[in-house]
Amino acid sequence: MGFLRRLHLYGRLIRFSHTVFALPFALASVALAWPSHPVTLRTLVWILVAMVGARSAAMGFNRLADSKLDAMNPRTQGWELPQGRVKAWEAVLLTALCSLIFIYAAYQLNPLCLALSPAALAIIFFYSFTKRFTWTSHLFLGLALSLAPLGAWLAVTGWPESPRELLTPLLLGLAVLFWLAGFDIIYALQDYDFDRTHGLHSIPARFGVAWGLRLSSLSHLLTVLFLVLVGLSARLGVIYWIGTAMVSLILFWEHRLVKPNDISRVNRAFFDFNAYMSAGYFLITLGDLLWGA
């Protein structure tokens, strides 16, 4: 039971449940690559391992980088590192182990993924420092997660035969970038006062809550635009277009939950609606491809 309790604490430290955000987009990218590139069960398993490893390493690193700030922030003071339930050396070992798992999974996939794996880790680790010097930190977080669909595509295809072959995963990556940035702006509303007091940078801290929500809406409009371009690039059918319309409605309703004078439902907008959106997008993409197969 002691081991299981520690495992549970580590899972809470890296917010393992939040893997649901990026993973469906990686799987959607695999599905989009599948018609022209066979996908084996072995490849799919190693993609899943790589995704979990990379995201867990990123979260562990983020918790370490922000540990002093988290200890001062009333919203995060109860987290595992500030409370000492997980020691700093444990978080370091966990981050290192997850990084090695990611690199090993990349090795199992193909030489290109192995060669790119250190750069991917550098990008996802770098995000943790961006809020110290730029209000565009949300875009850097989006960039980190946008690597998921691009990496999954390269895991299936290997070296692209031409730049045109990368168009679909790049468009999906841009959709993920702006989707993530949009809801991270909403999430940052909770730390508006703390960020301004401690000189941290975010769009709400720089432009105010109302403008933060407007820029979040703009980000999600760009998300829908790039999802439309993915459908056109991959020549998807009616199921995809109906599903994309439903995804757009989910994003629209997410913005109905949070208002400049009422951010009490931020967590619901952050987790529930975005989990529905990412999982739903994967299912409608896969469904369309299977229907047209």
* How big is the Cα convex hull of region 40-114 in projection, averaged over all directions, in nm²? -> 5.6 nm²
* Structure fact -> Exposed trypsin sites (Lys or Arg not before Pro) being those in a DSSP loop with at most 14 other Cβ atoms within 10 Å, the longest stretch of the chain free of them is 133-234
* To do: Put one equal scatterer on each alpha carbon of the chain, apply the Debye formula with no solvent term, and list log10 I(q)/I(0) at q = 0.08, 0.09, 0.13 1/Å to two decimals.
  => -0.34, -0.44, -0.92
* Structure fact -> Any helix of the chain counts here only if DSSP assigns it H throughout, its Cα atoms span 20 Å or more along the axis, and its mean Kyte-Doolittle hydropathy is at least 0.0, and such helices are 41-65, 88-109, 111-130, 137-157, 167-188, 209-234, 238-257, 274-292
* Let me have the relative contact order for the chain, percent, based on Cα pairs under 8 Å that are six or more residues apart. => 22 percent
* Asked: What are the ³J(HN,Hα) values, in whole Hz, obtained from phi via the Karplus relation 6.51 cos²θ - 1.76 cosθ + 1.60 with θ = phi - 60°, for each residue of region 191-200 in sequence order, with x given for Gly and Pro?
  -> 10, 3, 5, 4, 5, 5, 5, 9, x, 8
* Burial ranking of peptide ranges 174-181, 98-105 (average Cβ count within 10 Å, highest at the top) -> 174-181, 98-105
* Asked: So how much slack lies between residue 115 and residue 206, counting 0.36 nm per residue of separation and subtracting their Cα-Cα distance, in nm?
  -> 29.0 nm
* To do: For region 23-182, give the percent of accessible area contributed by carbon and sulfur heavy atoms, probe 1.4 Å, rounded to a whole number.
  => 74 percent
* Structure fact -> Toy charge model, Lys and Arg Cβ at +1, Asp and Glu Cβ at -1: the chain dipole around Cα centroid in debye, rounded to 20, equals 520 debye
* Structure fact -> Heads up, region 218-293 by the C-alpha gyration tensor (a ≥ b ≥ c square roots of eigenvalues; a/c under 1.5 rounded, else a/b over b/c prolate, else oblate) looks prolate
* Structure fact -> Calculated from DSSP helices alone, with each H run of at least 4 adding -39500 (n - 2.57) and the total divided by the residues of the chain, [θ]222 nm to the nearest 500 comes to -24500 deg cm²/dmol
* How high is the relative contact order of region 142-216, in percent, with contacts defined as C-alpha pairs under 8 Å that are six or more residues apart? -> 30 percent
* Asked: Accessible area per residue, 1.4 Å probe, Å², for region 83-187: what's the number?
  -> 45 Å²
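The values are calculated or read from the model by the stated rules, or taken from the named source; none is laboratory data. Note that this is a predicted model, so its numbers are computed, not measured. In this analysis, Cβ positions are derived from the backbone assuming ideal geometry, glycine residues included, and neighbour counts consider all displayed protein chains. Heavy atoms of the whole protein, side chains included, go into the accessibility calculation; ligands, DNA and RNA do not. Shrake-Rupley method; radii C 1.70, N 1.55, O 1.52, S 1.80 Å.
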